[in-house]
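> Shown below is the structure under consideration.
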Amino acid sequence: MACLNELSLYCNDKKSAREISEQAIAMVNRLEQRYSRYLADSILSKINATAGRTGMSVDAETTALLDYAQTCYQQSNGLFDVTSGVLRNVWDFKSDKLPYQRDVEAVQ
């Protein structure tokens, strides 16, 4: 995920805490394998590779996530946009300089 993660939980016994934490870590690892933009074989990388050129079938989980992203986009009036990652191609977020509008439009 390109970031540190921390898991905090409160349990009545160590055995349950260990089992729950192992399940949570396994779930995070599964999601990372499926949806990381840093892994070339993830479903997200495959979607991005075909974007704008061809369609592709996705499973129910991915469909639900994309539907939820669309809902968030609509409810935020476009402020939450999962497609905005492409802006990294023209925008150096560490710089005070804004990209030219034509460059932003070219990658959208």
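> Looking at Leu39, Leu4, which one is part of a loop (DSSP other than H, G, I, E, B) and surrounded by fewer than 13 Cβ atoms within 10 Å (Cβ to Cβ)?
The conditions single out Leu4.
> Additional query: Can you find, within segment 46-96, the residue that is nearest to Gln108 (Cα to Cα) among those that are exposed (fewer than 13 other Cβ atoms within 10 Å of the Cβ) and of a type in the set (Phe, Trp, Tyr)?
Per the criteria, the residue is Phe93.
> Right, here's the next one. Out of all the residues in segment 47-63, which are at pLDDT 95 or above and under 16 Å from Thr83 (Cα atoms)?
Matches in segment 47-63: Thr62, Thr63.
> State whether one or more residues within segment 27-36 are closer than 23 Å to Val107 by Cα, within 18 Å of the chain's Cα centre (by Cα) and surrounded by 11 or more Cβ atoms within 10 Å (Cβ to Cβ).
Yes; the residues of segment 27-36 include at least one that is closer than 23 Å to Val107 by Cα, within 18 Å of the chain's Cα centre (by Cα) and surrounded by 11 or more Cβ atoms within 10 Å (Cβ to Cβ).
> It is to be established whether one or more residues within segment 50-62 are touching a residue at least 24 places away in the same chain (Cβ under 8 Å) and among the β-branched types (Val, Ile, Thr).
Yes.
> Does Ile43 satisfy the criteria of being of a type in the set (Val, Ile, Thr), modelled with pLDDT of 90 or more, under 24 Å from Val86 (Cβ atoms) and touching an Asp or Glu at 6+ places or on another chain (Cβ under 9 Å)? Please lay out each step first, then the result.
Details: of a type in the set (Val, Ile, Thr): yes; modelled with pLDDT of 90 or more: yes; under 24 Å from Val86 (Cβ atoms): yes; touching an Asp or Glu at 6+ places or on another chain (Cβ under 9 Å): yes.
Spelling it out, Ile43 is indeed of a type in the set (Val, Ile, Thr), modelled with pLDDT of 90 or more, under 24 Å from Val86 (Cβ atoms) and touching an Asp or Glu at 6+ places or on another chain (Cβ under 9 Å).
> Any idea which residue in segment 7-26 is farthest from Leu39 (Cα to Cα), counting only those that are in a helix (DSSP H, G or I) and small (Gly, Ala, Ser)? Full working, then the answer.
First, the residues of segment 7-26 that are in a helix (DSSP H, G or I): 14-26.
If we keep only those that are small (Gly, Ala, Ser) too, we end up with 16-17, 21, 24, 26.
Working: Ser16: 32, Ala17: 30, Ser21: 24, Ala24: 21, Ala26: 17 Å.
The selected residue is Ser16.
> Report whether or not Ala17 is surrounded by 11 or more Cβ atoms within 10 Å (Cβ to Cβ), of a type in the set (Gly, Ala, Ser) and over 19 Å from Ala2 (Cβ atoms).
So Ala17 fits the description; yes.
The values are calculated or read from the model by the stated rules, or taken from the named source; none is laboratory data. Bear in mind that the values here come from a model prediction, so they are computed numbers and not experimental data. Neighbour counts are summed over all protein chains in view; Cβ atoms, including those assigned to glycine, are modelled from backbone coordinates with ideal geometry.
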